[in-house]
Amino acid sequence: AHKITPKNNPVSLDITSSGALGAVTDGKDVLVFEGKTGSVRRTLSGHLADVDCVKFFPSSKVLLTGGSDMCIKIWSIEDGTCPVTLKGHKRGITALDMVDRGKQVVSSSLDGTIKVWLCGTQECLTTISPQSGAINHIQILEHDKSVSSKLVMSATETGKLTVHSIEDTNTLLSQYQHSSELTSCTAFSQHLMVAGSSTGDVITLDIRNCSQPVSVHKRSNSAVTSLAYHSNRVWCGQKDGECYTLNSDTTLQSDTTLSDTTLSGGNCEEIYSVIAKDGVISTSTRDRIIRRYEV
């Protein structure tokens, strides 16, 4: 475990694909740290309000951040400069993703929209409005290698999980309505998605027919705060500090009590982020400790 000692709660965490570097929010700043030692390499300052999401580009040399100041910033990890700031959302940024190795950036916001940006020109290409209230989380689904086939799923405060094409923004491809707010989502396979709810439900859905879930699991009534997919498992972080996993067989079963593995060490502190990279699961928690687990 690394005690990075941010002054504020580490509400968002990301790790490079190699595990060499990590980035964690610290109020208006972002701390970039060494993955193995936890030593802070540099502090990125520039947002005017709290930073709520961080995501590394595939090159591991560039970082994407989004904040309550409604801005998305692109940073050079090598020298700490911020050459690009994307503006257009009307409320805070909640989640970030990218397509085509970062040529396009996708953002979601409390304003209820998803925007697709072209990094090279800083242009907003499209705006998707699911009409489902604030959007808590998004993730790109990749059906095949072509950019035109990319889909974006969103988890919303009204309990809807929606799937849209990033090219044809007027077409709602799939939708599921849950009984409580959806807080997070992740891709499980080419056709399967998993969403987490504010009441502890972990819902598996098939994009081809979202009207009914494939399965619903519930460890407790505590909100699911983060989901990550790695090595045929879905890792679930919860507000009560529980971090557990469901393997592919378990996720497809309807038994709501099944769980595969539980990670220890959280001491009932709220888990903000679960990141799965290169055989290592990393978590950020309210006690301001970054924990790493080899799996």
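Checking Leu125 against (1) open to solvent by 10 Å² or more (accessible area, probe 1.4 Å); (2) more than 15 Å from Thr169 (Cβ to Cβ), which test does it fail?
(2)
Would you call Pro58 surrounded by fewer than 20 Cβ atoms within 10 Å (Cβ to Cβ) and at pLDDT 95 or above? Before you say what the answer is, go through the steps one by one.
On the way: surrounded by fewer than 20 Cβ atoms within 10 Å (Cβ to Cβ): yes; at pLDDT 95 or above: no.
No: the conditions fail for Pro58.
Can you name the strands (runs of 3 or more DSSP E) wholly within region 61-137 that have at least 3 residues being in contact with a helix residue (DSSP H, G or I) (Cβ under 8 Å, 6 or more places away or on another chain) and on the phi > 0 side of the Ramachandran plot?
Values: elements: 62-67, 71-76, 84-87, 93-99, 104-109, 114-118, 123-128.
Ranges flagged: none.
Looking only at region 75-130, which residues are closer than 16 Å to Leu48 by Cα and of a type in the set (Phe, Trp, Tyr)?
Listed by number, the list holds a single entry, Trp75.
Find all pairs meeting these conditions: Cβ atoms under 9 angstrom apart; at least six residues apart or on different chains; first residue within region 55-69 and free of Cβ contacts under 8 Å to residues at least 24 places away in the same chain; second residue open to solvent by 20 Å² or more (accessible area, probe 1.4 Å).
Pairs found: Lys61/Ser76; Lys61/Glu78; Asp69/Lys28; Asp69/Leu48; Asp69/Ala49; Asp69/Asp50.
Find the residue count for region 4-32, including only residues that are more than 19 Å from Ile72 (Cβ to Cβ), within 19 Å of the chain's Cα centre (by Cα) and not small (Gly, Ala, Ser). It would help to see each step written out before you state the result.
Pass one, region 4-32, residues more than 19 Å from Ile72 (Cβ to Cβ): 4-10, 15-22.
Narrowing the set further to residues that are within 19 Å of the chain's Cα centre (by Cα) leaves 9-10, 15-19, 21-22.
Pick out the ones that are also not small (Gly, Ala, Ser) and you get 9-10, 15-16, 21.
Qualifying residue count for the region: 5.
If a residue has to be hydroxyl-bearing (Ser, Thr, Tyr), assigned to a loop (DSSP other than H, G, I, E, B) and buried (at least 20 other Cβ atoms within 10 Å of the Cβ) to count, how many in region 1-54 make the cut? Full working, then the answer.
Taking region 1-54 as the starting set, the residues that turn out to be hydroxyl-bearing (Ser, Thr, Tyr) are 5, 12, 16-18, 25, 37, 39, 43, 45.
From the residues that got through so far, the ones that are assigned to a loop (DSSP other than H, G, I, E, B) too are 5, 12, 16-18, 37, 39.
Subsequent filtering for residues that are buried (at least 20 other Cβ atoms within 10 Å of the Cβ) retains 12, 16.
Result for region 1-54: 2.
Scan region 130-153 residue by residue and report those that are modelled with pLDDT of 90 or more, over 17 Å from Ser198 (Cβ atoms) and open to solvent by 40 Å² or more (accessible area, probe 1.4 Å).
Across region 130-153, the qualifying residue is only Gln139.
Go through region 61-97 residue by residue and tally those that are open to solvent by 10 Å² or more (accessible area, probe 1.4 Å), among the aliphatic types (A, V, I, L, M) and closer than 14 Å to Val116 by Cα.
1
Can you name the number of the only condition in (1) open to solvent by 10 Å² or more (accessible area, probe 1.4 Å); (2) modelled with pLDDT under 95; (3) in a strand (DSSP E or B) that Val163 fails?
(1)
Quickly run through region 166-197 and pick out the residues that are open to solvent by 40 Å² or more (accessible area, probe 1.4 Å) and outside any strand (DSSP E or B). Please lay out each step first, then the result.
Kept after step one, since they are open to solvent by 40 Å² or more (accessible area, probe 1.4 Å), are these residues of region 166-197: 167-168, 170-173, 175, 177, 179, 181, 189-191.
Those that are open to solvent by 40 Å² or more (accessible area, probe 1.4 Å) and outside any strand (DSSP E or B): Glu167, Asp168, Asn170, Thr171, Ser179, Glu181, Ser189, Gln190, His191.
The values are calculated or read from the model by the stated rules, or taken from the named source; none is laboratory data. Since we're looking at a predicted model, the values are computed, not measured. Here Cβ is always computed from backbone atoms with ideal geometry, including for glycine, and neighbour counts include all displayed protein chains. Ligands, DNA and RNA are excluded from the accessible area calculation, which covers all protein heavy atoms including side chains. Shrake-Rupley method; radii C 1.70, N 1.55, O 1.52, S 1.80 Å.
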